[in-house]
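The block underneath contains the structure these notes are about, expressed in structure tokens.
Just so it is clear, none of the values below were taken in a lab; they were calculated from the coordinates. These numbers come from a predicted model, not from an experiment. Ideal geometry is used to build each Cβ from the backbone, glycine not excepted, and the neighbour counts take in all protein chains shown.
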Amino acid sequence: MKMLFILCAAFFPASLLMAQKENSVIIKGNEAYRLKEYGKAVDLYRQALDQSPNNPIAAFNLGNAMFRDSMQDKAMEHYESIGKSKAETSVRGDAFYNKGVVLSSQKKLGESISAYKQALRLNPTDTLARQNLQRAINELKKQEQQNNQKNQQQKKKPEKLNKQQVMQMLQALQEQEKMLQQKLNKSKVPAPVQPGKDW
């Protein structure tokens, strides 16, 4: 029993040391992020995740740094994985919120609405998620109205004809004109013939 206790006691400080090292890397990543050195922050957060793959803080911060470093799709992958993880509810809600922000910036409003709704399911008191959800809904409605107006305007506009269509229409009109001339010629009543003079 003592031997087991000693092994456990020896193991515990090693994992604590690893957590401290991981936290120092996250702190360095946070400093790089504050200095807007997003590429460096990405590298540091990845190091922290290499040391502890299930660390939601490192994953969340990595997503934020990737978003700032113009890697939106990769950032969304991290937010999605955090949202589906066993992290705290508030962290998962924030991840879905950030996913919604990325999707809104990409004009993927339907998907962003979905992400904001997931954030609100996890944290119903999140006022920013609620406000952004409403903005996304309003923007989507606005886009749909504009699309409807464009469709109606296109229906009202006369069709533009190509050269071949114009030539076909012109030939058809000329044929109709010939037929009308022929009908008129046939239906003309001959002028009365004046009798010749009698001398």
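Could you order peptides 57-68, 123-134, 41-52 by the average number of other Cβ atoms within 10 Å of their residues, highest first?
So the order, starting with the most tightly packed, is 57-68, 41-52, 123-134.
Report, as a whole number in µm² per second, the diffusion coefficient that Stokes-Einstein gives for segment 34-182 at 20 °C and 1.002 mPa s using the Kirkwood radius over alpha carbon pairs.
Rounded to a whole number, D works out at 113 µm²/s.
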